[in-house]
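Read the structure below first, then the notes.
The values are calculated or read from the model by the stated rules, or taken from the named source; none is laboratory data. Bear in mind that the values here come from a model prediction, so they are computed numbers and not experimental data. Heads up: the accessible areas ignore ligands, DNA and RNA and are worked out on the full protein's heavy atoms, side chains in. Shrake-Rupley method; radii C 1.70, N 1.55, O 1.52, S 1.80 Å.
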Amino acid sequence: MEPQVNSKMKKFLLVLNSIFLSIGNCGGPLISRLYFIKGGKRIWLSSWLQTSAWPIILIPLAISYFNLRKYSQGRISLTVQNNNNNKNNTKLILMTPRIFIAAVGLGILSGIDNYLYAYGVAKLPVSTSALLIASQLAFTAGFAFLLVKQKFSAYSINSIFLLTLGAVVLALHVKSDRPKGESKKEYILGFMLTLGAAALYGLILPLFELLYKKAKQTISYTLVLEIQAVYCFFATVVCTIGMIINKDFQAISREAKAFELGEGRYYIVIVWSAIIWQCFFLGAIGVVYSSSSLVSAILITVLLPVTEVLAVIFYGENFTAEKGVSLALSIWGFISYFYGDIKSSKKTDNQSAVVEMID
């Protein structure tokens, strides 16, 4: 067995994964849109880049295996000193066949979701696609309630309401935002597929939480990293098949030469797109492990106005009054949720202290 992760370590992992999620959630849509507005046209390639940097996960996984091996050796040494005849059953590979199959299924769903999202980014402005992705919070809340019996406090309901209202406010400034040269049919299809991507990812997050609950074994961070590696690998496989069918691999060199920013910068955009998106997936699933699927969805939604502000800075989009109101509502919703979480934690700690005193 692996040593248990204590509450302080879980809080540290929550903060660390929230940082990864913030980088990926804000940077991913911007760099993907940069690829398309500067001449990129390969949707399967864009979807492939979202998980193709999965080997990065092998670095923290290798470190985790190293620590697990040290822990295992320490237990063996202790067993020998105590003349205990029980065998040490610590294994480096923690994933069972059941969990592996579940991770493969989630990876396939993610590969499909990657394509739906990439199509939307290709056809819609950053502001519109980000707005549609914000609906993911409502989908996640609904699926979390059905699949993992998520409990909602007054603070969490208030947070969901405020964050959703912030997204609705953003919709008020979306007028005739169809990009030049984009047909109405393609725009509507992009709109619908992006909404589909939000719904599908709103299902994937609670499914991860359900996997952790039904795993029938201790869910360590090493196991989470293993699941993440398998999940992203098979999502990449799905998109690789799409690229092969669409002959995207053969088109990369031609596309690079025609890229508006230059051939060298084309490959820089490609590489950084893969790295930044991997931060998103590593952070999103890590937050589910450290807290819940609902918290992961709330963080994704609260970062929406930040993405809007960055779009204003980098792409010259107008910072409207609606965006300012949306930013304020999102911050309010974010504070509301975590204030309620802190109050709940204090109440639990006080109850535990009372029980200890009685005992």
Solvent-accessible area of Arg254, probe 1.4 Å, all protein chains present, reported in Å² to the nearest ten, please. 140 Å²
Of Met192, Met9, which has the most accessible area with a 1.4 Å probe, and how do the rest follow in descending order? Met192, Met9
Measure of exposure for Lys70: accessible area at 1.4 Å probe, Å² rounded to 10, is 120 Å²
Take the solvent-accessible surface of the protein heavy atoms, probe 1.4 Å, and return the percent of it on the range 181-232 that carbon and sulfur atoms account for. 68 percent
Need one value: the accessible area of Tyr155 in square angstrom, 1.4 angstrom probe, rounded to the nearest 10. 80 Å²
